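Inspection log for the structure reproduced underneath, given as structure tokens.
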Amino acid sequence: MWRKSASSLLALALAVAGGLAAQAPRDSALSQAVRERTGNSLGRLAVPEAAGRSTAAVTARDDAALVQAIEHQIRCTCGCNLDVFTCRTTDFTCTTSPAMHQLVLARLDSGMSEAQVLASFQKQYGEMIFMAPPKRGFNWMAYVMPYVGLAVGLGLVTALARRLIHARAAGAAASEAPAGTAAAGGASPEELEKLKRELERFEA
Amino acid sequence: MTDIGNIALWITLLLSAWTVVVGFVGGRTRRPELARSAERSIFVMWGLLVIASVALMRALLTHDFNVEYVAAYSSRNLPVFYTWSAFYAGQKGSLLLWALVVSTFGSVALLVNRGKYRDLTPYVAATLAIVVLFFTATMVFASNPFERLAFTPPDGRGLNPQLQNPGMVFHPPMLYLGYTSISVPFSFAVAALISGRLDTGWLHAIRRWTLASWLFLSCGIVLGMWWAYVELGWGGYWAWDPVENASFLPWLTMTAFLHSVMIQEKRGMLKKWNIGLVVGSFLLSVFGTFLTRSGVISSVHSFAQSNVGWFFLVFLVLAAVLGFGLLAWRWPMLQAEAKLESMVSREGAFLFNNLILLVIAFSVFWGTLFPVISEAVRGTKVTVGPPFFNQVNVPLGLMLLVLTGIGPLIAWRKASPENLKRQFLWPTTAMLVTAVSLAAVRMTNAWSIVAYALGAFVVGTVVQEFVRGTLARHHLHGEIYPLAFVRLVGRNRRRYGGYVVHLGIVMLFAAFAGLAFKSEREVTLKPGQSVDVKDPYGDTFHITHQGVSQYEQLNRFVTAASVDVLRNGKYVGTMKSEKRQHLDSLGRPTFEPSTEVAIWSTAREDLYIVFAGAVKGTEEAVYKIVINPLVWWVWYGGLVLALGGIITMWPGAQGGPTAASRRRAEPAGYVAQVGV
């Protein structure tokens, strides 16, 4: 890792040193380009490359609800973790999502339904192409386990509560048996309990 | 200076190892001189880590590009404001920051508890030293921020443009503060387990720390959402990215702890559970860093990946063995002092609240790791993205919202039918009126209706509590209403601060429910052309493209696209979205162009416009236009939540432990030590 970062920094240093030798600019090359190209035909950007990847005009079809619905379900494979629609309208350096968008359009043009388009992407890329695991086979584990956890937790809490409540009821019954027996300090268990309750209420 | 920083790291490493030994030995053998040595070593470590941090900061400010870290994350034309971000932009700097913050919190914890909890402090110092030892060892042996290059480049690579945003100046440090401050409660939990002092005394020592951790995490998460929203340009603020999830997990367990600890303080119950939650929260904070650094799971935070992730995994396993091993050892000593009287009680509501929080944490954890599990079991990779998390967590979140409302309405120990009727009447009315009203205005999304109705229920609960409390003070003490309100909150900060937090949570839920009505579209406009966009309230935005301009600004070349916006024919303003090509000090492009979003924000909705690009190098622009209802409520909900947290942890006698809690600390001899 050290060697790798050192070599990349060496490359950076060489490039920077080369740049130093070539010029000592006050403005950036991009700003110079703006000045040089002033007077170009109206509507053209002086430095198009600074505006990111050149893009084509968006048509109504690109933005259609069906296209959005499909593209929100499939993942861009560039590694961004976003769905295709979000990636192609967000990460303007990505070339993968626009290509996948064109695939979606082409497949819809060929007469495929939404389900068929999605199936074709799965055939091409595997299950990881979907933004959520398809609900079948082992993938059900993903969806079911949180609720299994909830059911188990509910069961445990209820069982624990019942046990505690029963234990308390049994304890209360046992303490009633030697009725009239004064507890330590001269107070009966009932009196102690009442005192405790009063204290709790006062504190609350 | 960097050499001094490097030496300081080495001394910290040796000193932390010393502290671990003398702390545990001193605590075990009850030798006060060893215990004092351990405590003092924490202060010295803090001083050494401050020296190391100053050394790194100085290297960044003086552009010492011979230091590999400085060359990799800064440049001569990086604004000074973002030099601070460069400190933790990379892994090496963030490790140093983490170690510094742990030692700072450790020093403060030992300072404010000086002379108290003498049985615990040697173990606390030793446990904190283990954490510092781990971080300094990782730095010294694998990821040294003072590592030098064999040559000195004339300029550095610069800071990732996405990190050159005010949100990034505050969001990562806040999360670090949240993660690291959990080390203090963890250290006290370990100390209590080792020493056997397992009454509520140790809880008093960590009460404000747990609140502080929770507050820092909350602020860090909301700031991260804000950064993602304004900087990444995808129109949302939470993507269920693994690293986002990793910050959410300890927040959930800390929230559970802040509720269940009340049961322990009041009734002496749930002792095992509470220690388990503290240990679990610490482990989840380390797990978050492991996810960020290891690259085990694909994440948008990939700029932070490295090979030290496996160091974190080993540390995680060791910390889990230590924490849960000690818990198992002391299990018999952690018996409840009271029994549950009824499930229809505050304790019962808190139990269910804890259960739901833990199930949400489990579902997030499970979903985050499911790609790895699927690959291990089936050999098939799957993606677990927002559709999965939303589907699984929305019902759980709504259950939590129900319990947020129910909890404060039910009495401790056992609620009577009269009590329930009296308490539930107005909140339930508010809930039903809201549901019927939303159905009457033809709101179509059932989940959203349920969320708003339950939100109204919680607000009804909180308002009822404030109104009744204020009226009671007015009648009892004859105070005027505003004074009665202020004193009510001031004298029961923990309780009413908690209610303010609940209001913040409702605001957040309201914002999340608004996502159901989000709409987005792409349009291409030539200068002078317009597009009409309808919002969910039926209003129309008339958006006219004005043109694209290019100019140089600070360390970047800007391409700005402007639109004029009218709502229902009324001028709203001119909005400008930018593409920024960052430049090095020689004026040459660095990094890919980044996007700056234009946002017009109101309490009702945000108009979110992204300049997606120029068509074939002309002023014809492609825009992504998003209508985001109720996003404002996320930011202000976060503020209200933070305000509630601050009220709750505000210093003073009224914010301290309850009388019941103090009484529970008595048997172990902590009574003279309380009153922090």
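The values are calculated or read from the model by the stated rules, or taken from the named source; none is laboratory data. Just so you know, these numbers come straight off a predicted model, no measurement behind them. We place every Cβ from the backbone using ideal geometry, glycine too, and count neighbours over all the protein chains shown.
Side notes on the structure shown:
- In segment B:603-619, the qualifying residues are those that are charged (D, E, K, R) and at the interface with another protein chain (Cβ under 7 Å from one of its Cβ atoms), and the one that is farthest from B:E231 (Cα to Cα) is B:K616.
- Test: residue in segment B:29-52 that is under 24 Å from B:Q553 (Cβ atoms), among the hydrophobic types (A, V, I, L, M, F, W, C), buried (at least 19 other Cβ atoms within 10 Å of the Cβ) and modelled with pLDDT of 90 or more: no
- Residue list for segment B:58-81, filter: surrounded by 18 or more Cβ atoms within 10 Å (Cβ to Cβ) and in a helix (DSSP H, G or I): B:A59, B:L60, B:E68, B:Y69, B:V70, B:A71, B:A72, B:Y73
- When B:N568 is tested against (1) among the polar types (S, T, N, Q); (2) surrounded by 22 or more Cβ atoms within 10 Å (Cβ to Cβ); (3) at positive phi, just one condition goes unmet, and that condition is (2).
- One residue stands out among those in segment B:199-209 that are assigned to a helix (DSSP H, G or I) and surrounded by fewer than 24 Cβ atoms within 10 Å (Cβ to Cβ): the one that is farthest from the chain's Cα centre (by Cα), which is B:R207.
- Helices (runs of 4 or more DSSP H) wholly inside segment A:1-113 that include at least 3 residues being at pLDDT 80 or above, under 30 Å from A:Y125 (Cα atoms) and facing chain B (nearest Cβ under 10 Å): A:84-88
- In segment B:356-369, the count of residues that are in contact with a Ser or Thr (Cβ under 7 Å, 6 or more places away or on another chain), part of a helix (DSSP H, G or I) and at the interface with another protein chain (Cβ under 8 Å from one of its Cβ atoms) is zero.
Here is a yes/no grid of residues against (1) closer than 27 Å to B:R521 by Cβ; (2) in a loop (DSSP other than H, G, I, E, B); (3) within 14 Å of another protein chain (Cβ to nearest Cβ):
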position	(1), (2), (3)
B:A212	no, no, no
B:C219	no, no, no
B:V230	yes, no, yes
B:W238	yes, yes, yes
B:W251	no, no, no
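- Residue in segment A:168-183 that is surrounded by 12 or more Cβ atoms within 10 Å (Cβ to Cβ), in a helix (DSSP H, G or I), at pLDDT 60 or above and among the polar types (S, T, N, Q) present: no
Let's see how each residue does on (1) within 25 Å of the chain's Cα centre (by Cα); (2) within 12 Å of chain A (Cβ to nearest Cβ); (3) farther than 30 Å from A:L82 by Cα:
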residue: B:R378; (1), (2), (3): no, yes, no
residue: B:K381; (1), (2), (3): no, yes, no
residue: B:P386; (1), (2), (3): yes, yes, no
residue: B:N393; (1), (2), (3): yes, yes, no
residue: B:L398; (1), (2), (3): yes, no, no
residue: B:T404; (1), (2), (3): yes, no, yes
residue: B:P408; (1), (2), (3): yes, yes, yes
residue: B:A415; (1), (2), (3): no, no, yes
residue: B:N419; (1), (2), (3): no, no, yes
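- Criterion (within 14 Å of another protein chain (Cβ to nearest Cβ) and outside any loop (DSSP other than H, G, I, E, B)) met by exactly one of B:A561, B:A511: B:A561
- Helices (runs of 4 or more DSSP H) wholly inside segment B:396-501 containing at least 1 residues that are of a type in the set (S, T, N, Q): B:417-440, B:446-477
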